[in-house]
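Only one structure is covered here, and it is reproduced in the block below.
Just so you know, all these numbers are worked out from the coordinates, no wet-lab data involved. In this text, all values refer to a predicted model and were calculated from it rather than measured experimentally. A quick note on method: Cβ atoms are made from the backbone with ideal geometry, for glycine too, and the neighbour counts reach across all protein chains shown.
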Amino acid sequence: MQKIYSLVAGTIFLIIALLHALRLIYGWEAMIGGWMVPIWLSWLALAIGLFLSYQGFLLARKTV
């Protein structure tokens, strides 16, 4: 069960990271409650999302 959870979590974080990468590539604007989200925040979110995705897949691989 933990293996499935880790795979799902890793996949979700990978999708989030890919969406941030698309925002960076295409220059999409993001607004949350009237606040314009700066581009540098997507760089940070991309790095964190990729790291968490990697960790999720790594944990799924180690889980028996």
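Which residue, Leu22, Leu46, Leu14, has the most motion in a Gaussian network model of the chain that connects Cα atoms within less than 10 Å?
Leu22
Any chance you could get the radius of gyration and Dmax over the Cα atoms of segment 2-62, in Å?
In order Rg, Dmax, the Cα atoms of segment 2-62 give 13.4, 43 Å.
So how tilted is helix 39-62 from the main axis of the chain? Cα-based, degrees 0 to 90, rounded to 10.
10 degrees
Can you tell me which of 3-12, 32-41, 48-57 comes out highest on packing, and rank the rest after it, using the mean Cβ neighbours within 10 Å?
The densest-packed peptide leads the list: 48-57, 3-12, 32-41.
Rounding to the nearest 10 and keeping the result within 0 to 90°, find how far the Cα-based axis of helix 2-26 lies from the longest principal axis of the chain.
20 degrees
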